[in-house]
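Visitor: The following block contains the structure, expressed as structure tokens.
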Amino acid sequence: MSSAKSMKIVGFAGSLRKDSFNKALINTAKELAPENVEFEVLDLSGIPLYNQDEEKEMPMSVKEFKRKIKGADAILISTPEYNRSVPGVLKNAIDWASRPHGDNSFDDKPAGLIGATDGRVVGTIVAQSHMRSILSFLNVHLLGKPQLFVTEAQSKIKDGIFVDEHTRESLKLFLEKLVEWTERINRN
């Protein structure tokens, strides 16, 4: 993929909370995306609980979510950490998008994983570790470095966007590396 061609990245946060730190991180990523990137924010709020009985007649919200993931060149996921793991809403959306068997929307996709928390110490390191395990099983090509764990997020956001310069610079670098990673994966 040449740098002149537009790249499509879809991003979503594993939180339903209106003022979610992770939604703010995704919104900031959209704002900071490199010039050649079309960045679309996806919302998980309309995705029902996964039920294998509904795989043949998937809800429209699930079909749309799967379609947008399949149509993207890369994926950016921002995860909170709930009880030292992945939020249920995020795992639920991933379960839907990877089903039915043989129709995994994530298959062979480059992706980046980030997260934000109001904690001061480890950010979302454990949730991201769990997500890496889940996504590797789905044949997702995760960007290894840099990693982004935003702490004390509540003091770095204004009007749903991160305003802290260090966070913005780190996220901008992360996005540049995700673009490079995506170009590399898609070249092969």
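Visitor: With the structure loaded, tell me whether ALA127 is in a helix (DSSP H, G or I), more than 18 Å from ALA72 (Cβ to Cβ) and modelled with pLDDT of 95 or more or whether it fails that test.
Guide: yes
Visitor: Same structure, new question: From the list ILE134, ILE157, exactly one residue is under 14 Å from the mean Cα position of the chain (by Cα), in contact (Cβ under 8 Å) with a residue 12 or more places away in the chain and closer than 19 Å to PHE12 by Cα. Which is it?
Guide: None of the others qualify; the one that does is ILE134.
Visitor: Would it be correct to say that ILE75 is touching a residue at least 60 places away in the same chain (Cβ under 8 Å), over 22 Å from GLU55 (Cβ atoms), of a type in the set (Val, Ile, Thr) and surrounded by 22 or more Cβ atoms within 10 Å (Cβ to Cβ)?
Guide: Spelling it out, it is not the case that ILE75 is touching a residue at least 60 places away in the same chain (Cβ under 8 Å), over 22 Å from GLU55 (Cβ atoms), of a type in the set (Val, Ile, Thr) and surrounded by 22 or more Cβ atoms within 10 Å (Cβ to Cβ).
Visitor: Can I ask one more? So is SER105 polar (S, T, N, Q), at pLDDT 95 or above and part of a loop (DSSP other than H, G, I, E, B) or not?
Guide: Yes, satisfied.
Visitor: Same structure, new question: Quick one: is SER45 of a type in the set (Ser, Thr, Tyr), closer than 30 Å to GLU152 by Cβ and in contact with a Lys or Arg (Cβ under 8 Å, 6 or more places away or on another chain)?
Guide: Judged against the criteria, SER45 is not a match.
Visitor: Is there a residue in region 41-64 that is in contact (Cβ under 8 Å) with a residue 24 or more places away in the chain, among the charged types (D, E, K, R) and in contact with a helix residue (DSSP H, G or I) (Cβ under 8 Å, 6 or more places away or on another chain)?
Guide: Within region 41-64 (the criterion being in contact (Cβ under 8 Å) with a residue 24 or more places away in the chain, among the charged types (D, E, K, R) and in contact with a helix residue (DSSP H, G or I) (Cβ under 8 Å, 6 or more places away or on another chain)), the answer is no, since none of the residues qualifies.
Visitor: Go through region 105-121 and give me each residue that's of a type outside the set (Val, Ile, Thr) and either without any contact (Cβ under 8 Å) to a residue 24 or more places away in the chain or within 21 Å of LEU178 (Cα to Cα) (or both).
Guide: Those that are of a type outside the set (Val, Ile, Thr) and either without any contact (Cβ under 8 Å) to a residue 24 or more places away in the chain or within 21 Å of LEU178 (Cα to Cα) (or both): SER105, PHE106, ASP107, ASP108, LYS109, PRO110, ALA111, GLY112, LEU113, GLY115, ALA116.
Visitor: Any residue that is part of a helix (DSSP H, G or I) and surrounded by fewer than 20 Cβ atoms within 10 Å (Cβ to Cβ) - is there at least one of those in region 38-51?
Guide: no
The values are calculated or read from the model by the stated rules, or taken from the named source; none is laboratory data. If you're wondering where the values come from, they're calculated on a predicted model, not measured in any experiment. Neighbour counts run over all protein chains shown; Cβ positions are idealised from the backbone, glycine included.
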